[in-house]
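Below: one structure, written as structure tokens.
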Amino acid sequence: MALYKLFFSPTGGTHRVADLLCGAWDCPKIEVDLSDPEQDLSALCFRPEDLCVVAVPSFEGRVPPVALPWLKALRGNGARTIAAAVFGNRAYDDTLVELTDLLRRQGFRCCAATAAVAQHSVLSAYGAGRPDAQDAAELAAFSSRCREAFQSPALPEVSVPGNHPYRAPGGLPGLIHPVGGQGCTACGLCVRSCPVGAIPATRPQQVDRSRCIACMRCVCVCPLHVRHANGALLAIGTLLLKKKCKERKENEFFLSESF
Ligand SMILES: Cc1cc2nc3c(=O)[nH]c(=O)nc-3n(C[C@H](O)[C@H](O)[C@H](O)COP(=O)(O)O)c2cc1C
């Protein structure tokens with residue numbers, strides 16, 4: 001059996017959740033960053049005895065559109081899978097159902113799933129510091145339950161909440177496009193890290209707004225901490241979402257009831 005950890009994680013929260021979900025297995029993990037342009041996703045060859053953890057963030061309550069072609073390049077070949085939608089303490093809406101539907105169409109067996117909270121990558125006041133120690137304990141316990149359950153060859157697939165048709169995406173976070181600030185030395189790290197090539201190599205202080213998906217990876221990787229989103233927009237977004245985001249949201253776990 002091989003354990004694959006497949007993830008799209010612009011600012012690291014989704015990656016941390018995926019790591020915690022793999023925690024109960026002590027075999028070596030094969031890490032697949034879905035956004036890595038060097039990675040030939042169609043060449044990955046899964047087997048029914050393999051285990052995959054597939055984790056994506058929730059963007060506007062859906063699987064980020066940029067991740068759809070990456071996921072569609074995969075061939076599951078019956079590999080048992082834990083699907084994870086990671087959200088920023090507002091709601092995951094239809095992200096998990098969209099992810100599990102897609103993985104099934106690609107031939108994965110979604111036997112377990114979770115919607116887990118991480119710090120909001122745009123509005124960092126929400127879900128701040130998560131996954132925290134409590135989340136880590138819950139995710140570790142779920143990982144152990146999955147390890148136990150996955151020993152059963154008859155483990156059924158899970159169903160998860162969500163709508164068909166999926167909700168239309170929308171929301172302020174997706175409209176906040178970071179730019180380089182004073183002190184930018186044009187080192188080019190943000191240019192190379194942007195998953196959609198939205199930062200011009202010759203003018204890295206700027207951004208192509210028609211391409212930018214507001215994922216905040218450029219802000220996260222900037223070694224000088226000078227790339228930033230518009231402060232006024234962030235303040236407005238934080239205020240507008242306060243009612244929906246201020247209470248701590250729980251992680252949700254899905255696995256057949258007999259386990
Ligand atoms: C464009 C965009 C849209 C988002 N939409 C939602 C959302 O609908 N609900 C939510 O709870 N969090 C939302 N978030 C927050 C992310 O889901 C959350 O911060 C996630 O952990 C980001 O993953 P990462 O840390 O791997 O980048 C959004 C973030 C971005 C960048």
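So which helices (runs of 4 or more DSSP H) stay within segment 12-116 end to end and still have 1 or more residues that are surrounded by 22 or more Cβ atoms within 10 Å (Cβ to Cβ), more than 12 Å from the chain's Cα centre (by Cα) and within 14 Å of the ligand (Cβ to nearest atom)? Show your work before the answer.
Numbers: elements: 13-21, 68-72, 95-105.
Hits in segment 12-116: 13-21, 95-105.
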Reported set for segment 160-170 where residues are in contact with a strand residue (DSSP E or B) (Cβ under 7 Å, 6 or more places away or on another chain) and modelled with pLDDT under 95 is Pro169
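For Leu139, are the conditions met, namely being assigned to a helix (DSSP H, G or I) and either free of Cβ contacts under 8 Å to residues at least 60 places away in the same chain or within 13 Å of the ligand (Cβ to nearest atom) (or both)?
Details: assigned to a helix (DSSP H, G or I): yes; either free of Cβ contacts under 8 Å to residues at least 60 places away in the same chain or within 13 Å of the ligand (Cβ to nearest atom) (or both): no.
No: the conditions fail for Leu139.
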Any residue in segment 111-128 that is touching a residue at least 40 places away in the same chain (Cβ under 8 Å) sitting within a Cβ distance under 8 Å of a residue that is acidic (Asp, Glu) and within 9 Å of the ligand (Cβ to nearest atom)? List the pairs, counting only those 6 or more apart or interchain.
none
Here the residues within segment 179-234 that are within 23 Å of Pro57 (Cα to Cα) and of a type in the set (S, T, N, Q) are Ser193, Ser210, Asn230
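So how many residues does segment 1-11 have that are in contact with an Asp or Glu (Cβ under 7 Å, 6 or more places away or on another chain) and either within 16 Å of the ligand (Cβ to nearest atom) or outside any loop (DSSP other than H, G, I, E, B) (or both)?
Step one: filter segment 1-11 for residues in contact with an Asp or Glu (Cβ under 7 Å, 6 or more places away or on another chain), giving 1-2, 4-5, 7.
Filter once more, so that each one left must be either within 16 Å of the ligand (Cβ to nearest atom) or outside any loop (DSSP other than H, G, I, E, B) (or both): 4-5, 7.
Selection size over segment 1-11: 3.
Kindly indicate which of Gly197, Gly181 is away from the ligand (no atom under 13 Å from the Cβ) and modelled with pLDDT under 95.
Values: Gly197 fails: modelled with pLDDT under 95.
Answer to the selection: Gly181.
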Search segment 8-35 for residues that are among the basic types (Lys, Arg) and pair each with any residue that is more than 11 Å from the ligand (Cβ to nearest atom) when their beta-carbon atoms are under 6 Å apart and the residues are at least 6 apart or on different chains.
Lys29/Leu3; Lys29/Lys5; Lys29/Cys22
So which of Pro204, Pro173 ends up being modelled with pLDDT under 95, in contact with a helix residue (DSSP H, G or I) (Cβ under 8 Å, 6 or more places away or on another chain) and crowded, with 19+ Cβ neighbours inside 10 Å?
Pro173
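The values are calculated or read from the model by the stated rules, or taken from the named source; none is laboratory data. Remember, predicted model here, so these are calculated numbers, not experimental data. Positions of Cβ are backbone-derived with ideal geometry, glycine not excepted, and every protein chain shown enters the neighbour counts.
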